[in-house]
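*Asks:* First the structure, then my questions, so here it is.
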Amino acid sequence: MLKLKKFKTIYALIFLLGALSCDSLVDENPISEIGPNSFYETNEDLLAAVISVYDGMQSFYRTQYFYWGEFRSDNHFPTGANTFNDEIANNVISEGNGATRWTNLYRTVSRANEVIKNAPNIAGFNENYLAEALAIRSKSYFDAIRVWGDVPLFTEPVEFLADATKPATDANTIINDVIIPDMLRAQELMQTPSDEFRFSKSSIYALQAEVYMYLKDYVNAKTALQNLFALGTHGFVSTPLAWRELFYNSNTTDEPWGKIQSGPELIFSIRYDAVGEEAGTGNPNRSGIAQLFRGGIPSYYMSPEIENKWIEKFPTDSTEWVTKYPNTNPATTRTVFVDDGMGGVVEEERFNYGDWRYFYSRQNGYSGLSSILIGEAKTGKWGDTVYPSNEDETDVVVYRYADMFLLWAEVHHHLNPTDVTTVLDIINTFRSVRQLP
């Protein structure tokens with residue numbers, strides 16, 4: 001856990017000042033602004049407030065989602081483009097490391113608190129909106145305690161300057177008093193089975209599975225996963241092309257660059273839209289994928305460890321593949337031109353030996369295996385095209401069906417450690433839909 005010891009007594013003052021209304025600071029009613037007490041009157045007002053909460057999520061998921069998670073794993077290693085990338089990868093964090101700041105996370109929490117407080121005061125309010133705010137607050141605090149451990153806890157809107165100063169609250173208290181109650185209440189209120197870009201029944205169940213697995217509460221994790229599967233709203237893709245559509249977002253003929261990723265595995269993603277606002281790299285409605293994974297020198301490369309492990313499991317050498325998997329042909333092929341022996345050439349289809357997910361996750365795909373050394377390849381599953389980061393609309397996938405299915409295997413193993421057969425059946429089902437041996 002990336003706990004910043006020197007940050008334990010940091011107060012969230014500067015992060016919440018933006019949430020203070022004008023009349024909290026002076027004894028005058030706002031003239032050109034709508035105060036919170038008069039804003040929440042209709043479901044249309046409530047929807048606008050909920051959208052602003054998702055806007056907050058856009059801000060901290062665009063890059064910090066990767067800094068706080070993926071880049072601390074062994075999937076990537078820093079390229080040396082920035083010093084703080086090395087700090088993140090090695091879990092040696094300085095106080096000046098901008099990737100560790102929680103400004104946008106607390107802005108999101110503050111907006112969610114406004115919705116949670118004011119929604120019940122609206123006659124006939126849409127309970128789905130309240131459920132979304134509760135789910136977002138639960139997810140935000142869950143992300144926070146996994147990164148920092150103990151953090152300041154705000155469950156009410158900050159109305160006065162004095163209320164914005166708080167010490168850290170014990171992480172276990174936050175889990176038991178906020179994270180779990182919020183996600184369970186969200187489940188009760190939510191009526192929408194599935195929505196790719198907003199919290200729904202399916203993504204709330206995914207959140208519950210994630211939280212309970214973190215707590216090693218495998219019984220409740222199993223229940224959450226069963227509830228998710230019972231909805232029947234999601235399933236696997238079964239072809240390489242369909243898998244790539246879950247992530248791939250290369251530039252198109254029309255600006256701004258990008259497309260909406262699609263597929264039945266996508267449970268919940270953060271949507272970005274570069275249309276309608278002034279462009280700028282730091283703008284929260286721009287994704288950080290291009291900034292982090294593309295460009296001349298990206299922030300991180302694919303790690304040699306993960307590449308070598310991938311090749312060990314699914315050899316890219318034809319002889320090694322056939323020796324290991326004599327009864328299974330690779331799922332993808334390529335067209336090559338070979339000498340026909342008579343001065344001409346003929347087209348020939350040849351197998352791409354190895355795991356096609358590896359090729360689609362790596363810069364330049366299968367052809368890049370011979371031209372880009374291991375340890376020097378960019379992550380390419382979102383596309384290889386380099387385009388301006390201030391035009392990036394790539395969605396950030398938060399929950400995916402495949403993740404939940406593999407959690408199901410893990411849950412079963414913990415609850416039934418001697419039942420190896422069932423776990424292997426789950427894993428082999430997963431391999432079968434991916435056309436792997």
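The values are calculated or read from the model by the stated rules, or taken from the named source; none is laboratory data. Computed from a prediction, not measured in an experiment: that's the story for all the values here. Heads up, the Cβs are rebuilt from the backbone with ideal geometry, glycines too, and the neighbour counts pull from every protein chain shown. The area values use the complete protein model at the heavy-atom level, side chains included, leaving out ligands, DNA and RNA. Shrake-Rupley method; radii C 1.70, N 1.55, O 1.52, S 1.80 Å.
*Asks:* Let me check the size of the chain from its C-alpha atoms; what are the radius of gyration and Dmax in Å?
*Replies:* Every Cα atom of the chain included, Rg and Dmax give 23.9, 93 Å.
*Asks:* In this model, which of K139/K216; K139/K313; K117/K166; K216/K378 are farther than 26 Å apart at the alpha-carbon?
*Replies:* Working: K139/K216 17 Å; K139/K313 34 Å; K117/K166 20 Å; K216/K378 34 Å.
Beyond 26 Å between Cα atoms: K139/K313; K216/K378.
*Asks:* Moving on. Relative contact order (percent) for the chain, with alpha-carbon contacts under 8 angstrom and 6 or more residues of separation? If you can, show how the numbers build up before the last one.
*Replies:* Working: 701 pairs, mean separation 79.4, N = 437.
So the answer I get is 18 percent.
*Asks:* Compute the angle between helix 201-214 and the longest alpha-carbon principal axis of the chain, please, reported from 0 to 90 degrees and rounded to the nearest 10.
*Replies:* Roughly 80 degrees, rounded to the nearest 10.
*Asks:* Angle, helix 218-231 long axis vs. longest principal axis of the chain, Cα atoms, 0 to 90°, nearest 10?
*Replies:* 80 degrees
*Asks:* Then there's this: Which of the peptides 343-350, 294-301, 179-186 is most tightly packed, and how do the rest follow, going by the mean number of other Cβ atoms within 10 Å of each residue? Walk me through the intermediate numbers first.
*Replies:* Details: 343-350: 9.5, 294-301: 18.2, 179-186: 20.9.
The densest-packed peptide leads the list: 179-186, 294-301, 343-350.
*Asks:* Beyond 22 Å, how much of the Cα-Cα pair distribution for the stretch 313-405 remains, as a whole percent?
*Replies:* Numbers: 2097 of 4278 pairs.
When every Cα pair of the stretch 313-405 is considered, 49 percent fall beyond 22 Å.
*Asks:* Sticking with this structure for a sec: Taking the Cα centre as origin and putting +1 on Lys and Arg beta-carbons and -1 on Asp and Glu beta-carbons, what dipole magnitude results for the chain, to the nearest 20 debye? Mind showing how you got there, number by number?
*Replies:* On the way: 36 positive and 57 negative charges, 237 e Å.
Approximately 1140 debye in magnitude.
*Asks:* Please turn the phi angles of the stretch 124-140 into ³J(HN,Hα) values with the Karplus equation 6.51 cos²θ - 1.76 cosθ + 1.60 (θ = phi - 60°), one per residue in order, whole Hz, x for glycine and proline.
*Replies:* For the stretch 124-140, the Karplus curve yields x, 5, 6, 5, 4, 5, 5, 4, 5, 5, 5, 5, 5, 5, 4, 5, 5 Hz.
*Asks:* When ligands, DNA and RNA are left out and all protein chains stay put, how many square angstrom of accessible area per residue does the chain have with a 1.4 Å probe?
*Replies:* Working: 20210 Å² over 437 residues.
Ligands and nucleic acids excluded, the figure is 46 Å² per residue.
*Asks:* So, by mean Cβ neighbours within 10 angstrom, what's the order for 137-144, 415-422, 226-233, 377-384 with the highest one leading?
*Replies:* Details: 137-144: 24.2, 415-422: 10.4, 226-233: 15.4, 377-384: 21.5.
Top to bottom by mean Cβ count within 10 Å: 137-144, 377-384, 226-233, 415-422.
*Asks:* Helix 43-61 against the longest principal axis of the chain: what's the angle in degrees, Cα atoms only, rounded to the nearest 10?
*Replies:* Between helix and principal axis, roughly 50 degrees.
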